[in-house]
Structure formats: C-alpha cells, structure tokens
1. Give me the residue from segment 87-105 that is within 15 Å of Q39 (Cα to Cα) and hydrophobic (A, V, I, L, M, F, W, C) and, out of that set, surrounded by the most Cβ atoms within 10 Å (Cβ to Cβ).
2. Say we look at segment 20-32 and pick out the residues that are in contact with a helix residue (DSSP H, G or I) (Cβ under 9 Å, 6 or more places away or on another chain) and surrounded by 16 or more Cβ atoms within 10 Å (Cβ to Cβ); which of these is farthest from P85 (Cα to Cα)?
3. Here is a list of conditions, (1) within 21 Å of T31 (Cα to Cα); (2) touching a Lys or Arg at 6+ places or on another chain (Cβ under 6 Å), and E63 meets all of them except one; can you say which number that is?
4. So which of D86, D56, D94 ends up being free of Cβ contacts under 8 Å to residues at least 40 places away in the same chain and of a type in the set (D, E)?
5. Go through (1) in a loop (DSSP other than H, G, I, E, B); (2) within 14 Å of I107 (Cβ to Cβ); (3) not aliphatic (A, V, I, L, M) one by one and return the number of the condition P16 breaks.
6. Those residues that are modelled with pLDDT of 95 or more and of a type in the set (S, T, Y), I need them from segment 114-152; list them, please.
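The values are calculated or read from the model by the stated rules, or taken from the named source; none is laboratory data. Small disclaimer: the values here were computed from a predicted structure and weren't measured. Here Cβ is always computed from backbone atoms with ideal geometry, including for glycine, and neighbour counts include all displayed protein chains.
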Amino acid sequence: MIGFGNPGRLDDGLGPALAARVEAAAIPGVTVDSDYQLQVEDAEAVSHHDVVVFADAAISGREPFSVSEVVPSRGLSFSSHSVDPDEILGLARDLFHSAPRAFMLAIRGYDFDEFGERLSPDAADNLAAAEQFLLPILIRSDLAALAERAQAAAPPFPNSA
C-alpha cells in the first residue's frame, strides 16, 4: 500500500494518514509506504507485489471514497515532480517485467487551500470510512471485495489532489 499526499496541506494528507493507520495495524504480508508524491523509484517497489493499493485525497468525486482499478499506462509522461499510479505500473511492467494488480483508493477531501497538518472534520470521517473498508480486506487478503468495489465505481480514476 502506498499513501501519498502532502500532510502540510490539510486534506491532501489523507493518503499518508490512511497509510499510517494501515501500518499501525501491522497486518502480516502487507507493506506500507507513504510519501508526498509518487516517484519513478516506486515502480521498483511495486514490482515485488501481486497487489498494490494506492491511496490519495480526491478533490472531487464520491463520498466518502471511491475505489478504481489502475491499468498500466502505455507511455510515460512524468515530470520531475510526480508520477501517476498508472505510470508507476507501466514502469514496473516495462523495467521489471512485473504486472501487479492495482487499485486507487481516492478519499474525498474538502480543504486544500491552506497550510496546516490537520484534516477537516468531513475528511476525517471519510478517512475513518476508508480505513473500515480497507483493513478487513487486507487482513483477509480479499482481492475479490476490492475488485468488486472498483467495478461498481466510476469514473475509473478520480481527480487526486
């Protein structure tokens, strides 16, 4: 699981906050990483896994969160700043001959325009809902439940913060 976002920009920290909760659960077989943004080096890390869950804040979309399956990109158009989850998977495929199944868990946030290391009350509620959804899935290694939720969700890749 990789949670990404900037905890210093209020609700943009939802991805790292979920990663911290998953890490605190100490689920056997689950590795957790957290950062401000995805980077090309993450392709090597995901190449060692069968399933990857990316978690980020969503500036719009479903409440409390949405799940979508991430498909590897065909090309690469990253900047020196960040790489999208589909590009990470494309790099894992192209460089490491690995094709993990991946999902994006986009947690709806509301406040992004100020600096501060706190979540808005509604975003904190959405984080709790995402945690209640994800932890049992990770504990049971229930890929089917994750895939089912992704199939029910649209659009395929919500706007991330």
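1. For segment 87-105, the residue satisfying everything is I88.
2. I27
3. E63 satisfies all of (1) within 21 Å of T31 (Cα to Cα); (2) touching a Lys or Arg at 6+ places or on another chain (Cβ under 6 Å) except (1).
4. None of the others qualify; the one that does is D94.
5. Unmet for P16, out of (1) in a loop (DSSP other than H, G, I, E, B); (2) within 14 Å of I107 (Cβ to Cβ); (3) not aliphatic (A, V, I, L, M): (1).
6. S120
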